[in-house]
Amino acid sequence: AESFKYDGNKGQGGELHQKAGDGYPTMTTAQGCPIHDDQNSLKAGTRGPTTMEDHVMREKIFHFDHERIPERVVHARGYGAHGYFEAYESLSDITCAEIFQTKGKKTPVFTRFSTVAGNQGSPDLARDVRGFAVKFYTQEGNWDLVGNNIPVFFIQDAIKFPDLIHSAKQEPDRGFPQAQTAHDNFWDFVSLSPESTHMLMWIMSDRAIPRSFRFMEGFGVHTFKLINAKGEMKYVKFHWKPKQGLQSVVWNEALKINGADPDFHRRDLWDSILAGDFPEWELGMQIFDQEFADNFEFDVLDATKIIPEEQVPVKIVGKIVLNQVVDNFFAETEQVAFCTQNIVPGIDFTDDPLLQGRNFSYLDTQLKRLGSTNFTHLPINAPKCPMRHFQQDGHMAMQNPKGRANYEPNSWEADETNPRACPAHGFKSHNEDIAGQKVRHRSETFADHYSQARQFYLSQTETEQEHIRDAFTFELSKVEHLPIRERVVSHLLNVDKALAQGVAEKLGFSEMPAPAEAAMPTREDLSV
Ligand code: HEM
């Protein structure tokens with residue numbers, strides 16, 4: 001209230017003036033020119049045409065016209081917060097990653113939670129996967145752990161991702177429905193992609209309607225590598241365990257909350273942080289070696305499979321605490337650019353074909369979404385450690401390298417502005433023997449789409465199993481093309497007979513379909 005000074009209705013138009021004065025800050029244009037009246041355009045006469053000369057109005061409207069940038073092609077709706085990661089112990093024997101070297105070491109983080117399929121304005125309680133993306137601003141570069149709240153994924157190869165997402169978003173002719181799971185295209189796609197079956201069990205479970213971001217787990221999903229200072233490699237799966245516990249709502253509640261407060265999840269995160277009730281998640285690692293990978297009954301490069309915690313326990317290595325809301329939603333939460341390719345010495349990729357495709361996709365889409373190769377100059381994306389390189393120019397370059405040298409090799413003296421690559425400490429990809437034919441083929445070791453789906457279903461309590469059955473029934477009841485319903489049930493028969501029968505009965509099937517063939521259907525199968 002202090003910053004307003006009304007001087008009442010003035011002039012024939014009855015316009016209301018709010019004026020700077022008495023030490024109140026003066027409004028300016030983006031060029032810094034003080035503004036004398038921000039509410040009336042410059043006209044030729046009080047009732048005459050607006051002049052081209054009105055630089056104040058033109059600048060204001062020009063900027064407004066360009067406020068929107070493309071929303072993320074997936075995970076468009078999200079909410080972020082700042083915090084820190086604290087290491088519980090040194091992991092220097094298994095990784096040289098800087099953040100894991102010293103017990104008690106704190107590293108700043110930014111975390112963004114999201115839904116996948118809905119557009120930016122969609123409700124928070126949709127039945128959907130939740131994104132759980134963490135940017136660690138380490139002293140050796142930004143490490144992004146871009147995960148989800150479900151440990152497996154729908155597909156095994158990134159080349160299928162555009163199809164998965166097309167099928168899950170609004171149908172292209174009619175532009176609805178928004179709900180990921182409640183329509184023919186989605187169920188058509190997943191029923192023709194048996195590899196989705198395990199993920200379907202999770203997404204029809206209560207995990208897909210978390211009570212809030214604070215009460216959900218997170219997973220890196222893929223197998224990654226940890227590399228120590230000697231260059232030795234161990235495999236790792238990353239987990240986030242909420243210290244608040246794991247809680248979901250039931251479908252009935254989700255619908256009511258969506259109606260009453262579609263911002264329920266983002267409001268919950270904002271309110272709890274402002275109240276000083278900072279949410280925390282512990283970082284866990286399942287660490288295993290090549291021998292385990294070679295003997296495990298599934299392929300550790302297959303993102304539709306988990307490694308049971310009974311076989312490789314989760315070692316808790318640290319925690320994140322989210323203790324600061326953003327200053328500005330757009331500048332931080334919208335403009336943050338997570339990328340699986342942002343990796344640091346001590347952590348490396350595996351050949352998981354889903355991960356390999358992601359490494360291309362994020363950077364590529366962010367060039368379009370954020371409009372310039374220089375989006376790393378935005379404070380939310382900029383590393384918080386020294387940066388020295390010869391990349392220059394481009395749209396909106398804000399930190400062009402200083403000094404004469406902008407190429408390598410050069411014979412100018414090495415200094416802060418003239419860096420050199422460092423064989424001892426620079427990021428070095430793990431040496432791995434690779435041999436084989438160049439083929440477009442899915443490994444046989446990626447088959448068996450049903451065993452872990454069954455394992456997950458049977459691990460649920462009776463009530464949870466009931467929720468899964470009801471969710472399948474509800475979602476499939478929205479599918480108009482009946483052969484799609486049957487195809488889904490034919491997969492469920494390979495998971496659990498009672499589940500398949502329960503769904504079929506509730507959907508009013510007159511007879512049960514035959515169990516699905518496990519292999520991917522061919523074009524010929526479909527035309528029969
Ligand atoms: C965005 C997770 C698979 C492409 C995201 C985000 C998360 C995520 C959490 C939101 C990041 C944010 O908050 O800004 C995952 C997980 C996957 C997966 C866990 C599988 C294990 C894929 C695949 C592709 C892909 C296979 C493409 C081949 C994208 C794109 C975005 C995105 C293009 C938007 C990025 C942006 O505009 O900034 N993903 N994703 N994702 N993902 Fe994925």
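Points worth noting:
- First in the range 282-304 and closer than 21 Å to Gly147 by Cβ and at pLDDT 95 or above, second anywhere and in a strand (DSSP E or B) and small (Gly, Ala, Ser), Cβ under 6 Å, 6 or more apart: Leu283/Gly318
- From the list Phe224, Phe219, Phe238, the lone residue that is touching a Pro at 6+ places or on another chain (Cβ under 6 Å) and among the aromatic types (Phe, Trp, Tyr) is Phe219.
Conditions tested, residue by residue: (1) part of a helix (DSSP H, G or I); (2) surrounded by fewer than 18 Cβ atoms within 10 Å (Cβ to Cβ); (3) of a type outside the set (A, V, I, L, M, F, W, C).
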{"residue": "Phe338", "(1), (2), (3)": "no, no, no"}
{"residue": "Gln341", "(1), (2), (3)": "no, yes, yes"}
{"residue": "Arg358", "(1), (2), (3)": "yes, no, yes"}
{"residue": "Leu363", "(1), (2), (3)": "yes, yes, no"}
{"residue": "Lys368", "(1), (2), (3)": "yes, yes, yes"}
{"residue": "Asn374", "(1), (2), (3)": "yes, no, yes"}
{"residue": "Asn381", "(1), (2), (3)": "no, no, yes"}
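- Residues in the range 70-83 include at least one that is over 27 Å from Pro242 (Cα atoms), of a type in the set (A, V, I, L, M, F, W, C) and within 16 Å of the ligand (Cβ to nearest atom).
For every residue, the table says whether it meets (1) buried (at least 18 other Cβ atoms within 10 Å of the Cβ); (2) within 26 Å of Glu98 (Cα to Cα); (3) in contact with a Ser or Thr (Cβ under 9 Å, 6 or more places away or on another chain).
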residue: Pro279; (1), (2), (3): yes, yes, yes
residue: Gly284; (1), (2), (3): yes, yes, no
residue: Phe288; (1), (2), (3): yes, yes, yes
residue: Asp299; (1), (2), (3): yes, no, yes
residue: Thr304; (1), (2), (3): yes, no, yes
residue: Glu310; (1), (2), (3): no, no, no
residue: Pro313; (1), (2), (3): no, yes, no
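- Residues within the range 484-528 that are at pLDDT 95 or above and either among the charged types (D, E, K, R) or surrounded by 13 or more Cβ atoms within 10 Å (Cβ to Cβ) (or both), tallied: 29
- Any hit, the range 347-354, residues being crowded, with 20+ Cβ neighbours inside 10 Å, part of a loop (DSSP other than H, G, I, E, B) and more than 13 Å from the ligand (Cβ to nearest atom): no
- Qualifying residues in the range 210-220 (those that are surrounded by fewer than 23 Cβ atoms within 10 Å (Cβ to Cβ) and among the hydrophobic types (A, V, I, L, M, F, W, C)) - the one farthest from Asp351 (Cα to Cα): Phe215
- Restricting Thr51, Thr26 to those that are hydroxyl-bearing (Ser, Thr, Tyr), at pLDDT 95 or above and farther than 29 Å from Arg369 by Cα reduces the list to Thr51.
- Residues located in the range 209-222, provided they are in contact with a helix residue (DSSP H, G or I) (Cβ under 7 Å, 6 or more places away or on another chain) and more than 13 Å from the ligand (Cβ to nearest atom): Ile209, Ser212, Arg214
- Restricting attention to the range 289-306, the residues that are within 16 Å of the ligand (Cβ to nearest atom) and of a type in the set (D, E, K, R) total 3.
- Condition check for Glu195: crowded, with 24+ Cβ neighbours inside 10 Å, at pLDDT 95 or above and not hydroxyl-bearing (Ser, Thr, Tyr): yes
The values are calculated or read from the model by the stated rules, or taken from the named source; none is laboratory data. Computed from a predicted model, the values in this text were never measured in an experiment. Note: ideal-geometry Cβ built from the backbone for every residue, glycine included; neighbour counts use all protein chains shown.
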